[in-house]
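A quick write-up on the structure given underneath.
The values are calculated or read from the model by the stated rules, or taken from the named source; none is laboratory data. Values in this document were obtained by computation on a predicted structure and should not be read as measured data. Note: ideal-geometry Cβ built from the backbone for every residue, glycine included; neighbour counts use all protein chains shown. In case anyone asks, the SASA skips ligands and DNA or RNA and just uses the protein heavy atoms, side chains included. Shrake-Rupley method; radii C 1.70, N 1.55, O 1.52, S 1.80 Å.
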Amino acid sequence: MSAFSSGELLAADPDWWRDAVVYQVYPRAFTDSTGSGVGDLEGVRSRIPYLRDLGVDALWLSPFYPSRLVDGGYDVDDYRDVDPSLGSLATFDAIVHDAHEAGLRVIVDIVPNHSSNRHVWFRQALASVSRSPARARYIFRRGRGKGALLPPNDWQSLFGGSAWQAAGDGDWYLHLFAVEQPDFNWSNREVRDEFLTTLRFWADRGVDGFRVDVAHGLAKDLSPRASVAAVSMGPVGAVDPEAPVRLSDGTDPLFDRDEVHEIFAEWRQLFDSYTPPRSAVAEAWVAPHRRALYARPSELGQAFEFALLEAPWSAEAFEAAILENLALSASVGSSSTWVLSNHDVVRHSSRYGLPEGADLPAWLMSHGVSPAEDLALGLRRARAATMLTLALPGSSYLYQGEELGLPEVADLPVEVLQDPIWERTGGLRKGRDGSRVPLPWTSEGPSFGFGSAAAVLPQPPWFGALSVEAQAGVDGSTLTMYREALALRRSMQRDATVEVRVAAEALYITRSDGWMSVTNFGLVPTAVPTGRVRLVSSGVSAVIEPSTTVWLEVGGVGEHQLG
Ligand code: GLC
């Protein structure tokens, strides 16, 4: 028996995040412990044994702060508290305690680009006069035209409509997202200090790391010249075929400006004042070469890699995204990150079941009818893609429910939609709720084990068949595949190097520690390379079937495979 508790063992490794498998929990859709129809922190806490058994290294909690939920909790009223409907700081502390005891780290989501309009600072700003110190914490500008009745410029919000809202006295405030999400003014020292205090607050409570929301948005150029340049903005995280291209040289007025890095350099000093240093990962939807800047050790240390998430199902596209990410992260001394799903995008088992280049927002608007989704193919490819990424060096970010192979719930009735995108686009886009439907834990019950009452965001009847209960211990199930792959991954070497190559539509990842992963992107089976023994597979066959990944080891021992 070890003389150390799991918590002490965790504290001993400052580099844990470099190759961690991080599981994203969207608390309101995870487990409802009170029967309210909405998930909560006690619910998260009750599932820590599940996460330990799944074999992940950390959990990342999407926002649980007090919020009116205009944007799923990314509209924060108070950065240093828990929404009463989700629990209390005591429940949060219990999660950190139990997670550490179970050998899991905890990452929280920090939302620094904007607060909610119910934040005390914003209420003070609205109650104050133009050009007051209270307004200087946000971005207020005079309107144009007679009576300042027109917005300062024609910038559009990422959720649709103008990015400006009238304050009622000739001033307008900027909101890149919903009207209820006013943007902070990061050139104001008071804002910077306030966030340092918030980061300390959570780090002192034992939080191991931070996921930094819209990290590329904090620095802005609000000069009149810039106002003319930017008339439209990219999408919020969603894979959007119509996304306008933004400047990617650090001079775009609103995103990815060079000055943003001063902010994160300051954060790094704070992170490094803890033992072990707190980790951070940037959510920055920017060009890959710019993304690496956020991942420098002198800044956040890591940044989500989204090129793979956006890549079509092809060996060459995957190879290119992987090689680029490996090279870029190595060039700045970071580790690579792999992401296939999160709460902002259509789940990967649905994306891969749709024809290449499908217009995802339009598909959602058709309630998933046009084009038709090939569920079986999507799941097959999703499993293969997951195993492929888990064989790569670096860390993997999994999104709750992907271990069940959940597809997007594309046919949510519009009356139940919660995403502000639906309202703000005047019903032209459904938004992201289809990836946020509460998890099915059991095959039966009013909300398939999510809670004792029906979930507020309704689950489809077919969810029960994909539940944890239906898959646990079942050979060949997606949950079993994740468990086996995550367990085997632990025996891979942390500092292994890889060789990535494509031959005959199969992607070969050869690791320096003797492991090999082969993914068949083609339409005909591929042979298992000679001298290799199959360890775990996303499909069942003696050959490597289309849309399948197998992990192999140098031969000698008996064959072991799933299903
Ligand atoms: C990030 C979040 C997304 C949210 C947006 C605004 O992109 O992931 O869910 O809507 O920021 O906070």
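Results, tabulated for the structure shown:
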quantity	calculated
Filtered residue count, region 162-186, keeping only those that are closer than 21 Å to Gly73 by Cβ, open to solvent by 20 Å² or more (accessible area, probe 1.4 Å) and of a type outside the set (A, V, I, L, M, F, W, C)	2
Count of residues meeting criterion [part of a loop (DSSP other than H, G, I, E, B), of a type in the set (D, E, K, R) and under 21 Å from Ser547 (Cβ atoms)] in region 357-391	2
Among (1) within 16 Å of the ligand (Cβ to nearest atom); (2) touching a Pro at 6+ places or on another chain (Cβ under 6 Å); (3) among the hydrophobic types (A, V, I, L, M, F, W, C) - the single one Trp60 does not satisfy	(2)
Selected residue (only one of Arg141, Arg131 is in contact with a Phe, Trp or Tyr (Cβ under 7 Å, 6 or more places away or on another chain), open to solvent by 10 Å² or more (accessible area, probe 1.4 Å) and outside any helix (DSSP H, G or I))	Arg141
Qualifying residue in region 104-112 (condition: touching a strand residue (DSSP E or B) at 6+ places or on another chain (Cβ under 6 Å), open to solvent by 10 Å² or more (accessible area, probe 1.4 Å) and either under 25 Å from Trp267 (Cβ atoms) or within 15 Å of the ligand (Cβ to nearest atom) (or both))	yes
One residue from Thr548, Thr519, Thr530 being more than 14 Å from Ala385 (Cβ to Cβ) and among the polar types (S, T, N, Q)	Thr530
Selection count where residues are part of a loop (DSSP other than H, G, I, E, B), surrounded by 20 or more Cβ atoms within 10 Å (Cβ to Cβ) and within 14 Å of the ligand (Cβ to nearest atom), scope region 418-441	5
Residue pairs meeting the criteria (Cβ under 6 Å; at least 6 apart or on separate chains; first free of Cβ contacts under 8 Å to residues at least 60 places away in the same chain, in region 273-287; second more than 16 Å from the ligand (Cβ to nearest atom))	Ala287/Ser248
Tally, over region 174-190, of residues that are within 16 Å of the ligand (Cβ to nearest atom) and in contact with a strand residue (DSSP E or B) (Cβ under 7 Å, 6 or more places away or on another chain)	9
Residue under evaluation Val409, criteria (1) more than 16 Å from the ligand (Cβ to nearest atom); (2) open to solvent by 10 Å² or more (accessible area, probe 1.4 Å), criterion not met	(2)
Only listed residue being in contact with a helix residue (DSSP H, G or I) (Cβ under 6 Å, 6 or more places away or on another chain) and either in contact (Cβ under 8 Å) with a residue 12 or more places away in the chain or open to solvent by 40 Å² or more (accessible area, probe 1.4 Å) (or both), chosen from Val518, Val502, Val533	Val502
Residue count, region 308-349 (criterion: within 26 Å of Glu373 (Cα to Cα), within 16 Å of the ligand (Cβ to nearest atom) and not in a helix (DSSP H, G or I))	9
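Here is a yes/no grid of residues against (1) away from the ligand (no atom under 15 Å from the Cβ); (2) in a loop (DSSP other than H, G, I, E, B):
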residue: Asn153; (1), (2): yes, yes
residue: Arg192; (1), (2): yes, no
residue: Phe195; (1), (2): no, no
residue: Arg200; (1), (2): yes, no
